[in-house]
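The values are calculated or read from the model by the stated rules, or taken from the named source; none is laboratory data. As the structure is a prediction and not an experimental result, all values here were calculated from the model. Here the Cβ positions follow ideal geometry from the backbone for every residue, glycine too, while neighbour counts run over all protein chains shown. Surface accessibility is based on the protein's heavy atoms, side chains included, excluding ligands, DNA and RNA. Shrake-Rupley method; radii C 1.70, N 1.55, O 1.52, S 1.80 Å.
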Amino acid sequence: MSQTASPDLLKKSGLAKKLVVANWKMHGNLEKNKVLLAQYIAALSGLKQTKIVVCAPYPYLAQLQQLLQHTNISWGAQNIAKNAEGAYTGEVSAAMLKDFGCEYVIVGHSERATAYCESDENIAQKFVQAKQHGLTPILCVGETLIEREAGLMELVIGKQLDTIIAQHGAAIFADSIISYEPIWAIGTGLAATPIQAQAMHKFIRNKIASIDKEAASRLKILYGGSINPQNALQLLVVSNVDGGLVGKCSLEAQGFEKICAAADMAN
Ligand code: PGA
């Protein structure tokens, strides 16, 4: 019989606090980042209920580390190696990120999974590397438009999660983050509807809860894919949506501030 995480359990675990993650993707430079971060800090320092994380390309992580210290904004990377150490030219390990204070890392973003042929198995290894080194993984899961139209979204996402569960059990999802990112919604301007997001977030929470209720109650589930200032509130108030992963609209401070304010309101 499947179990669901009770609202009380969610509140106690701090899940009532929303999380908004800015995914800058391959954008920015030293000067632009400096300006954008100053705008973020000025606009977001008043938020009490919402946690903000910025994920930038590797070369700029040191800049984030420096400019975001003593602020309420955390930072993270957009990818890590699936291996711990060794002859893997061009890769960056979880231990290296941890070495200079990185807290979060995006794992399995569809832009990587597609362009660099990352399999569910590779992504599971990366997720585990992050956990083993004390980083909080933000695991991206989602279906293509063809899969949605064929009604296969639960099957696809179930398999992505099962690959991790089969190797490490569902307990590994405690204090982790999953971002539901329908591939057809990323960068297209066509976000999922609140009803679509609600159904998939419930599916993800219940799937983990059916094996490990405690882990499910300590898991944050974000929505990602064309979040903008206009649709943010209606997506972020949905049950089991604990926050958002924001790409394009995080590159401009005013829009991002509105999304974060919507998250604060949705708490
Ligand atoms: P988008 O990107 O907000 O530009 O659609 C979201 C994501 O890649 O997670």
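Computed quantities for the displayed model
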| item | result |
| --- | --- |
| Val141 being under 14 Å from the mean Cα position of the chain (by Cα) and β-branched (Val, Ile, Thr) | yes |
| Subset of region 15-39 (residues that are within 19 Å of the chain's Cα centre (by Cα), under 18 Å from Lys258 (Cβ atoms) and not small (Gly, Ala, Ser)) | Lys18, Leu19, Val20, Val21, Asn23, Trp24 |
| All positions within region 195-224 that are open to solvent by 10 Å² or more (accessible area, probe 1.4 Å), touching a helix residue (DSSP H, G or I) at 6+ places or on another chain (Cβ under 9 Å) and within 16 Å of the ligand (Cβ to nearest atom) | Gln196 |
| Ala171 vs. criteria more than 30 Å from Gln234 (Cβ to Cβ) and either assigned to a helix (DSSP H, G or I) or out of contact with any helix residue (DSSP H, G or I) (no Cβ under 7 Å at 6 or more places or on another chain) (or both) | yes |
| Some residue of region 256-266 being within 11 Å of the ligand (Cβ to nearest atom), free of Cβ contacts under 8 Å to residues at least 60 places away in the same chain, in contact with a helix residue (DSSP H, G or I) (Cβ under 8 Å, 6 or more places away or on another chain) and in a helix (DSSP H, G or I) | no |
| For Gly187: the one exception among (1) open to solvent by less than 10 Å² (accessible area, probe 1.4 Å); (2) within 12 Å of the ligand (Cβ to nearest atom) | (1) |
| Wholly enclosed helices (runs of 4 or more DSSP H) of region 72-155 bearing at least 1 residues within 16 Å of the ligand (Cβ to nearest atom) | 110-115, 120-132, 145-149 |
| Val53 being under 25 Å from Ile221 (Cβ atoms) and within 16 Å of the ligand (Cβ to nearest atom) | yes |
| Count of region 226-239 residues which are open to solvent by less than 40 Å² (accessible area, probe 1.4 Å) and away from the ligand (no atom under 13 Å from the Cβ) | 2 |
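The rows are residues; the columns are (1) farther than 18 Å from Leu36 by Cα; (2) open to solvent by 80 Å² or more (accessible area, probe 1.4 Å).
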{"site": "Pro57", "(1), (2)": "no, no"}
{"site": "Tyr60", "(1), (2)": "no, no"}
{"site": "Leu64", "(1), (2)": "no, no"}
{"site": "Ser74", "(1), (2)": "no, no"}
{"site": "Ala77", "(1), (2)": "no, no"}
{"site": "Thr89", "(1), (2)": "yes, yes"}
{"site": "Val92", "(1), (2)": "yes, no"}
{"site": "Lys98", "(1), (2)": "yes, yes"}
